[in-house]
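Q: Following this message is one structure expressed as structure tokens.
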Amino acid sequence: MNILIVGSGAREHALAWAISASPLCDRLICAPGNPGMAALGDCVSVGSEDIAGLVALAQRESVDFVVVGPEAPLVAGLVDRLAEAGIKAFGPSAAAAQLEGSKGFMKDLCARAGIPTAAYARFTDAEAAKAYIRDKGAPIVVKADGLAAGKGVTVAATLEEALAAVEDAMLDRRFGEAGAELVIEDVLEGEELSYFALADGKSLLALASAQDHKRAFDGDEGPNTGGMGAYSPAPVATPEIEARVHAEILEPLLRQMADEGMPYKGVLFLGLMIGKAGPKLIEINCRFGDPECEVLMARLDSDILPALIACADGVLASTDLRWRDAAAICVVLASNGYPGSYGKGSVIRGVENAAAGDGDVIVFHAGTALNPAGELTANGGRVLTVTAVAPDVKTARDKAYAAVDRIDWPDGFCRHDIAWRALER
């Protein structure tokens, strides 16, 4: 099969790494890809949001199956356009992708389905939003309704911070149209959990759990980022919790989507809060998480491609996956200044030596590029994701950080406490 992977981040590199090992994959094409993905397939300079260009590429290269990595092309209808061209793809339709494309849509649908989430309200008027916040008090969560590249959520500890978040989004238009509407909701208490399952519109296949680290600095300090590291499995995902996630969230969600005429096919990435009352839903994403995808693919002991195809074909019930009885951890190397302003073009050395011959250490590229001299350079906020697998979390973490130390990049930084919750247990 000719397989096209859409995207250019570490998530897509991890998917490319897993899919390229499949005996079903004859040729791998990445659009636009990155220098790490170029070692696995052909990178073509078509942007991940160029819907017409991606459809044309798939037609030109006789692509049999498309795997869409990022959320933006899913929300924009790439899977629908590919279907119209007779090309099979992994990912939800634009209608189903509203689960991530509109936080208000997701909250309303969950309310209709009886899915446990935080109490919330929706606003298109800044003054009304501020009045609601003053009435509710802090702490409180302010979310831009649309896609904001992981930067549209403020967990406000004070009233002033919450009011500033409203002005930032609705008056200063920091997130463009994504912030024209806000969802304001109660803060949930507990421990966060990332949980993943595949869906084919009527059936579910559980994947695995992970825990992300959103804050930029050690000790969960600093601003929220797209994720500074992750590990899998997450100890908080006990068999009892997983059973409740399926019964109380995933199954009602899949039924509600089908009942409303937008059956969900693809991956469901649940952001959950596990508190005293059990699991509550924070958010739904319609693609694999980043950096969670990196640890999931590292732990997977099966060919992922047949499962992705089964989602598109509606035959997921006959599919199974195996997981390594091991822990995986990944550490993100980010540009100094991230998630604020940062420079580009600094040279990164030593990536080829990071694994030190250990097949259970993989460096996934995110924001990288090659300069005219052919040197690897930083080209984004999150730049590399160093991933390691071992029998236990501590050994995996030691291996990951040893690999990080072998990378020479003075202009980058990382957190040094990834998986601290698991180790504290």
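Q: Quick check: from the Cα gyration tensor, does the chain come out rounded (a/c under 1.5), prolate or oblate?
A: rounded
Q: Can you put GLU248, GLU71 in order, fewest other beta carbons within 10 Å first?
A: GLU248, GLU71
Q: Assuming R0 = 45 Å, can you tell me the calculated FRET efficiency for the pair GLU375 and GLU424, based on Cβ-Cβ distance, to the nearest 0.05?
A: Given R0 = 45 Å and the Cβ-Cβ separation, E is 0.65.
Q: For LYS151, give me every one of the lysines with a C-alpha distance below 29 angstrom, ignoring sequence neighbours fewer than eight places off in its own chain.
A: LYS103, LYS107, LYS130, LYS136, LYS143, LYS214, LYS265, LYS276, LYS280, LYS344
Q: Compute the length gained on full extension between ARG27 and ARG322: take 0.36 nm times their separation in residues and subtract their Cα-Cα distance, giving the result in nm to one decimal.
A: Length gained between ARG27 and ARG322: 103.8 nm.
Q: By counting other Cβ atoms within 10 Å of each Cβ, how are HIS416, HIS13, HIS213 ranked from fewest to most?
A: Going from sparsest to densest Cβ surroundings: HIS416, HIS213, HIS13.
Q: If R0 is 25 Å, what FRET efficiency do you get for ALA52 and MET1 from their C-beta distance, rounded to 0.05?
A: The computed FRET efficiency comes out at 0.60.
Q: Given the Cα-Cα distance of VAL347 and ALA157 and 0.36 nm per residue of separation, how much length would full extension add, in nm?
A: Between VAL347 and ALA157, full extension yields an extra 64.6 nm.
Q: Continuing with this model, one more query. For the chain, what's the relative contact order in percent, using C-alpha pairs closer than 8 Å and at least 6 residues apart?
A: Dividing the mean separation by the residue count of the chain yields 16 percent.
Q: Modelled label-to-label distance, SER45 and ARG173, 7 Å Cα→beta-carbon offset: nm?
A: The two pseudo-label positions are separated by 3.1 nm.
Q: Taking the Cα atoms of the range 112-170 alone, what are Rg (to one decimal) and Dmax (as a whole number) in Å?
A: 11.7, 34
Q: How high is the FRET efficiency from VAL315 to ASP108, r the C-beta distance, R0 22 Å, rounded to 0.05?
A: Plugging the Cβ-Cβ distance into 1/(1 + (r/R0)^6) gives 0.10.
Q: Taking the alpha-carbon set of the range 191-318, what are its Rg and Dmax in Å?
A: Computed over the Cα atoms of the range 191-318, radius of gyration and Dmax are 14.9, 45 Å.
Q: Let me spell out the model: positive unit charges on the Cβ of Lys and Arg, negative unit charges on the Cβ of Asp and Glu, origin at the Cα centre of the chain. What dipole size does that give, in debye rounded to 20?
A: The dipole magnitude comes to about 100 debye.
Q: I've got another one for you. Neighbouring Cβ atoms within 10 Å as the yardstick, rank ASP290, ASP405, ASP42 fewest first.
A: Fewest-to-most Cβ neighbours within 10 Å comes out as ASP405, ASP42, ASP290.
Q: Using a Gaussian network model on the chain with a 10 Å cutoff between Cα atoms, which of ALA113, ALA31, ALA243 fluctuates the most?
A: ALA243
Q: For the chain, modelled as a Gaussian network with Cα springs under 10 Å, which listed residue fluctuates most, ALA356, ALA210, ALA95?
A: Fluctuation is largest for ALA356.
Q: Classify the range 2-93 as rounded, prolate or oblate, taking a ≥ b ≥ c as the square roots of the eigenvalues of its Cα gyration tensor: rounded when a/c is under 1.5, otherwise prolate if a/b is larger than b/c and oblate if not.
A: prolate
Quick note: the coordinates plus some simple rules give every number you see, no bench work behind them. As the structure is a prediction and not an experimental result, all values here were calculated from the model. Cβ sites come from the backbone with ideal geometry, for glycine too, and all protein chains shown count toward neighbours.
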